[in-house]
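For reference, the structure discussed in these notes is given below.
Where a number appears in this text, it was derived from the coordinates with a stated rule and is not lab data. Keep in mind the model is a prediction, meaning the values are calculated, not measured. Methodologically, a virtual Cβ is constructed for each residue, glycine included, from the backbone with ideal geometry; neighbour enumeration extends over all protein chains shown.
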Amino acid sequence: MSHDPPPTSSLFTQVDIGAGPHLNRPRETYPSDEHLAVLRNILAAQDRQNELLEELSSQLSAQQRQRTTELGQWKQANPALARNCRQAAEALSRVQLQFLNAMTEEINENAEVLMDGEFMLSEFIDRFGPRMAHLNGMLQVLAQLSSTPNPANG
């Protein structure tokens, strides 16, 4: 009985290390002219989009600078009114805090009812929503017109 070793060809393979794989690739694996054209079009579109975003950004910043300048001129022309707006904003801010406190107490006391009942939630929103929206709007206007400069813009 002779013991011939089993064939081992499945365990080992030959590797060609002469030329790099990119040099031996067939023509079909290179990007086609059509693919290159699509990629160039995508790149051109991205370049155009970047240009438009830069233009939009400069327009918005120019408008913001103009608005800030006009607001500063208004404050200089109406210093007493600007001070009154500041005082009113501070007073209204205290009112807003009391309003928020009452609203949160209402929510905490009636959380189950608000979650379960569509009618009660609707009533709650009707009762507090418009007041909150108007109060926030008034505070924004008063704060913008106040004599204290905004640190973010200054």
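Side notes on the structure shown:
- Count - residues of the range 78-97 that are without any contact (Cβ under 8 Å) to a residue 40 or more places away in the chain and over 31 Å from the mean Cα position of the chain (by Cα): 5
- For the range 33-76, a residue qualifies if it is more than 29 Å from the chain's Cα centre (by Cα) and among the hydrophobic types (A, V, I, L, M, F, W, C), and the qualifying residues are Leu36, Ala37, Val38, Trp74.
- Just one of (1) farther than 30 Å from Ser61 by Cα; (2) touching a residue at least 60 places away in the same chain (Cβ under 8 Å) fails for Lys75. It is (1).
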